[in-house]
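Heads up, the thing below is written out as C-alpha cells.
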Amino acid sequence: MNTAVAPSAPLTAEDRCDRCGAQAYLRVELASGGELLFCAHHAREHGDKLKELAVVVHDETHKLASTPASATDDER
C-alpha cells in the first residue's frame with residue numbers, strides 16, 4: 001500500500017507564529033498529525049528540537065531575503 005502525502009500549502013501573511021503571533025515562515029508537521037507554525041526568529045531558536053520532532057518541515061524563510069527595501073537609494 002502506498003500513502004500519498006499532500007504537499008503543504010504555501011504560508012501566507014495570515015499564518016502566525018504559535019509562539020509570538022508574528023508572520024510564520026516555517027511549518028512543522030508532526031507525526032501525531034498536528035502542525036506548528038513559527039516565525040524565523042523562533043524557528044532558529046527552537047530549530048534543533050524541531051528537527052527531532054518533525055516529520056515534514058516547510059521552510060519559507062528565504063522569502064525574508066527577497067523582500068525589496070522600502071526606501072529608494074536617494075532616501076538612504
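The values are calculated or read from the model by the stated rules, or taken from the named source; none is laboratory data. Since the model is a prediction, treat every value here as computed from it, not as a measurement. Methodologically, a virtual Cβ is constructed for each residue, glycine included, from the backbone with ideal geometry; neighbour enumeration extends over all protein chains shown.
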Item to check | Residue that is farthest from the chain's Cα centre (by Cα) [pool: residues in the stretch 20-44 that are modelled with pLDDT of 95 or more, of a type in the set (A, V, I, L, M, F, W, C) and exposed (fewer than 15 other Cβ atoms within 10 Å of the Cβ)] | outcome: Cys20
Next on the checklist: Cβ-Cβ distance below 9 Å, separation of 6 or more or different chains: which pairs start in the stretch 24-44 with a residue that is more than 11 Å from Thr61 (Cβ to Cβ) and in contact (Cβ under 8 Å) with a residue 12 or more places away in the chain and end on one that is part of a helix (DSSP H, G or I) and of a type outside the set (D, E, K, R)?
Outcome noted: Val28/Ala43; Val28/Leu50; Val28/Leu53; Leu30/Leu53; Ala31/Leu53; Leu36/Leu50; Leu36/Leu53
Item to check | Filter result for the condition that a residue is in contact with an Asp or Glu (Cβ under 9 Å, 6 or more places away or on another chain) and over 15 Å from Ser8 (Cα atoms), over His42, His46, His58 | outcome: His42
Checklist entry - Condition test on Gly47, is it at positive phi, of a type outside the set (Lys, Arg) and either out of contact with any Gly (no Cβ under 8 Å at 6 or more places or on another chain) or at pLDDT below 95 (or both)? => result no
